[in-house]
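*Asks:* Dropping the structure in here first, questions after.
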Amino acid sequence: MTPSSRPNPDSLLDMLKHDRSVTSRGRLKVFFGSSAGVGKTYAMLSEAKRKLADGVDVVIGIIETHGRTETADLLRGLPTIALKEIVHRGITLKEFDLEAAIERKPSLILIDEFAHTNAIGSLHPKRWQDVEELLARGIDVFTTLNVQHLESINDMVAKLTGIVVKETVPDNIFDAADEISLIDIPSDELLKRLHDGKVYIAEGANKRAAESFFKKSNLVALRELALRCTAERVDAENDLLTSSQGQKETQLGQKILVCVGHDMLSSRVMRHSKRMALRAKASWYALYVETGRHERLTNQAKLTVDRNLRLAEKMGARIIRITASNAVDEILTYARNNGFTRIVVGHKNRSFASRLLRGSLSAELIEKGSGIEVTTVVEDTPTESSYVSFWHNNIGSFSSYILVAFVLALATLIGLPFRDFTNSNNLTTIYIAAVMIIAAWLGTAPSVFASLLSIAAFNYFFTKPYYSFEFYDKGYYFTFAVMLATSLVVGSLAAKLSLQARQARNRESETSTIYALTRELSAVRGIENMAEVAIDHVRSAFDKDAVVFFTEDGKVQFVPEDSPAGQELKEESVARWVLSNGQIAGKNTDTLPSANGIYAPLAVENEIVGVLGLIPRIPKYEFTSSEISQIETFASIIASAFQRAHRAEEAEVAKVDSETEKLRNLLLSSVSHDLRTPLASITGAASSALMLKEKLPAEVIELLSSIHGQAGRLAKLVTNLLDATSLESGTVRLNKQPYFIQEVIGSALTRITETKEDRIITTNITPNLPLIEIDGLLIEQVLVNLLDNAIRYTVTNGTIEISAEKDADALRIRVLDNGVGLPVGDEEKIFDKFYTHGHSTEGNAGLGLAICRGIVNAHKGMIFAKNNKTGGANFTFTLPGI
C-alpha cells in the first residue's frame, strides 16, 4: 500500500465522531425497485421477520398487501399499530397513525409506499414527512419506493411511459437514506407476475395499465433507471470513503447554477440539472432573479415561482433570490463572483416577432457568458403558460384611462395660449411630459394609450386647420412619428423607473421595519412586552393578524390572548407542534397545510423559545415564498430578543444568588469565629466538671455529659462552616506533599473508630500504588466526612468498604456502603450545602459532602455519587497526578 492510499486516522476518527453524534437519529432503509410487483414489500417483511427473531422491537406502521396472500402470510407474528380513521367528505379513510407510532416508539417500524399522499387532515400531507419525523425521534424505518417516484427523474418517466406520476419523493430525502436495497427481477418475470394477477393494479385500470405502462420497453427502461440510481449512490459512497482515507475524489469541482422561471419548463430544467449534478458530483444552486416583470406577473405565476423554488429545494438545491433590473447581467455577475462553472437555463420555442421584441434569455447568456458553460433545456412540447399576456396584466382599470384623458386635457389647456406665439412643434414637449407623468403614475399600458391620444390631440388642437384631424404640412408625418416614438420610449423608461422606485421603497420599507423592530425590542424588558412589540410590527408589515405563542412557568400563553390562534384548537395544535419540533408549519408548508395561518419557530442556538404565527384575514389566502422567508427573518429577530430577555433574567437571578451567597458566607464566617471561644470555654468547663464526677449526683453527671457532647458537636459544625466558606472563597492554600494513600486512609479510619460502633469497615487497596502529591490533612478530612456519612445511613452491623486503585493518570477512591442509598434524582444535589433528605439523622447540617466537593475540586479532581445495584451508596472521587 502506497503512503497516499493509506487511511488517514484523523479523518476516520472524525467520521466516527460524526457517526456517534448522530446516533440519536433513526436509520432509514429503502427497498428500491423499478416498478410495482418486483417484491419490495415482500423483501421488507422478510428482513423484518429476521430482525424480530434477533430480538429487535419491530412493529408494522402500515403495509399494503393489495390482497396478495404471500405478503399477508408474512404479517403473522409482527406487532401492528392500528390505522387512524380520517373522515373526508363523508368517506372514511385509513391512514398511518404517526402519533401512536411516536408514543409506541419501537426500535424499527415498517412504512410501506414511501411516496404515498396522506388524506387531508393528517399531520403531514406526505408519508415521507411522517418518516422524517420518526427518524428525527430516533426510530429506525424500513420503507419501499419505486424509481418513478423520485422527483428528479419524474419527467423522464413521463416521457418514457406517457404517464405523469403525481406522487414523488424529494431526492435529498432519498439521498439521505442510510441504506438502499435494490429489489430487481427480469422484465419477463414481472410481466408473468402481472399476467398471474400478482401485481397490484388500481381497480378498473388493468387494461390501460398493462397496455400503457407495463410494456416490456417501459419496464426495461425503468429497470435501467433503478440500476443507474443505485449505481450512482454506490459511486457517491465510494467517493466519500476514499476521501476519508486521504485518496483523491473523482469530482471535477463543478458548480452548477440553474435559472428558475415562472413557467412549467423550469421544473424540467431543475430535474435535468439534478441529474447533471449527480453525474458530475457537483453542487447546484437554483437562482431566481426578480426583475420589473415579476411585479407584472399574475398571482398564479408568482405561486408557480414559489412552487419551482420549493421543488428545487426538495431535490437538494440551495435557493437564491435576488432583485435586479437586468436578468442576464445579474445572472452572469452572480455566477462569476461565486465561481459557477455552468449555467442551466430553459429555452422556449417562440415566434420571430416575440424574439425580436423581448429577446431570448438563453441566447443572451450564451452571447455574453464567456468562460462559463451554458446548457439549455429546450421545450419539446408546448406547456401551459403560467402567466398571462403583458396587455392582459397591464391593461389597467377604466378609471386610469379617465385620468389619462384628464391629464392630456390639462396639457392641451396649458398649450393652447401659446399656439399662436410659437412653433407648434415646440408644444410637443408638453405632451411628452404628460406621457412621462402618466407612465410614472399609472404604468406602461396607460402611457401607450396616452402616446397615441396625445398625437390625436396635438393634431386636433395645434396643427392647421385647427379642430380638425387634417393638416396642410406633410412634414407633420415625421413630427407625429418622432412624437410617438419619443412618447413610447420616455413613457416606457418612466414606467420602468417608477417600478424600480416602488421596489426600492418596498425593500427600504422591509429594512426599516426590521430595524424598527430590532430597536424597539432592545428597548423593552420582559417576554410579554417584547411579544406585544413584535406583534405590532409583524401585523403592520404583513397586514395580517399576528400571534406569539410561548410557555411561561410551564403554562402555554398566547399574545394577544384574544388571537384567533389562541381561540381555535386547530391553530393552537399547529403552534404546539412547531414549539415541540422546531420546524415551520401551517398554510403553504409541508406540515399541517390545512391550518389557516403559518407558524414559525422562535429558534436560537438550538433552543425553541416560542412560536410566531401569522393568520391572514382573507379566506384562502396563499403565502408566497418571499413572505415565508420574511416570516422566518422576523422569527429569528424575535427569538434573539426573547433569548436576550431570558439571559438577562438568568443573569439577574444569578447576581442576586451570588450576592446572597456572599452575604451568607460572611455572616457564617463572622458568627463561626465569634462562637469558637465560648464553645471552647463551655467544652473545657464541662470536661473539668466531669473530672469531679465522684462528688456529683448521677443526674448532674448526665447533664454535664450531654452539655459536653452537644458542645463538641456544635464545635464541629462551626469548623465545617469555616471550612466551607474558606473553600468557596478560594482562600484555602493546599500544602501538597507526597503521600501513600494507604497512610491517609489509615489516619481517617483511626479518627472514626469511636463513631463507627458495630459497622464493619473493610479496605480493598490495589498493591504498589505510587506516591501522590496531595494535601494529606484535607484528603483525610474528605475520607472522614464520607465515612461519617456512610455510618450515618448504614444500619448497625452494616458493611462499609474503602477501595483505591489506579485509573489512567489518576487515583480513584471509593467509599461504598449497604445502607438506604441515595434518593433517585438527587445524586448531584447531595453535594450542595445544607442539603439533607428524608433519611437524614438528627444533627446532620448537610455540610460534610459540600466540604468534600470543595477539597476534591481544589485538587483538580472529580467527585460523584450513585446507588449500588445491590443497594446502598457509592461515593467516588479521583485525584490526578499519578
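*Asks:* Name the residues whose placed amide hydrogens come within less than 5 Å of the amide hydrogen of L602, ignoring near sequence neighbours (fewer than 5 apart) on the same chain.
*Replies:* Amide H to amide H, under 5 Å and 5 or more residues apart or across chains, L602 pairs with V609, G610, V611, L612.
*Asks:* Distance check, please: which entries in K29/K348; K40/K587; K29/K274 exceed 30 angstrom between their Cα atoms?
*Replies:* Flagged as over cut-off: K29/K348; K40/K587.
*Asks:* Full-extension gain between R751 and T69, please, as 0.36 nm times their residue separation minus the C-alpha to C-alpha distance.
*Replies:* Contour length minus the Cα-Cα distance gives 237.6 nm.
*Asks:* May I pose another question? Compare the peptides 811-824, 27-40 by average per-residue count of other Cβ atoms within 10 angstrom and give them in order, highest first.
*Replies:* Put in order of decreasing packing, that is 27-40, 811-824.
*Asks:* Pairs K166/K215; K49/K84; K216/K255; K49/K215: which are spaced more than 30 Å apart, C-alpha to C-alpha?
*Replies:* Among K166/K215; K49/K84; K216/K255; K49/K215, the Cα-Cα distance tops 30 Å for K216/K255; K49/K215.
*Asks:* Show the residues, 5+ positions off or on another chain, whose built amide H is closer than 5 Å to the amide H of F31.
*Replies:* Residues meeting the criterion, in which the H sits 1.01 Å from N, are T143, T144, L145, S181.
*Asks:* Test of understanding: what is the full-extension gain from E828 to A100, defined as 0.36 nm times their sequence separation minus their Cα-Cα distance?
*Replies:* 258.6 nm
*Asks:* Among 274-281, 108-115, what's the highest-first ranking by average C-beta atoms within 10 angstrom per residue?
*Replies:* Going from most to least packed, we get 108-115, 274-281.
*Asks:* FRET efficiency for S399 and N423, Cβ-Cβ distance as r, R0 = 35 Å, nearest 0.05?
*Replies:* 0.50
*Asks:* For a quick protection proxy, order the peptides 825-833, 584-592 by their average other-Cβ count within 10 Å, most packed first.
*Replies:* Highest mean packing first, the order is 584-592, 825-833.
*Asks:* How large is ³J(HN,Hα) for each residue in region 455-461, as worked out from phi by the Karplus curve 6.51 cos²θ - 1.76 cosθ + 1.60 (θ = phi - 60°), to whole Hz, x for Gly and Pro?
*Replies:* Calculated HN-Hα couplings, in order: 5, 4, 5, 4, 5, 6, 9 Hz.
*Asks:* Taking only protein heavy atoms and a 1.4 Å probe, what accessible area per residue, in Å², does region 266-341 have with all protein chains in place?
*Replies:* 41 Å²
*Asks:* Take the Cβ-Cβ distance between R89 and E167 as r, set R0 to 22 Å, and report the resulting FRET efficiency rounded to the nearest 0.05.
*Replies:* The value I calculate is 0.65.
The values are calculated or read from the model by the stated rules, or taken from the named source; none is laboratory data. Small disclaimer: the values here were computed from a predicted structure and weren't measured. Note that we place each Cβ from the backbone using ideal geometry, even for glycine, and neighbour counts take in every protein chain shown. Keep in mind that these areas ignore ligands, DNA and RNA; they rest on the heavy atoms of the full protein, side chains included. Shrake-Rupley method; radii C 1.70, N 1.55, O 1.52, S 1.80 Å.
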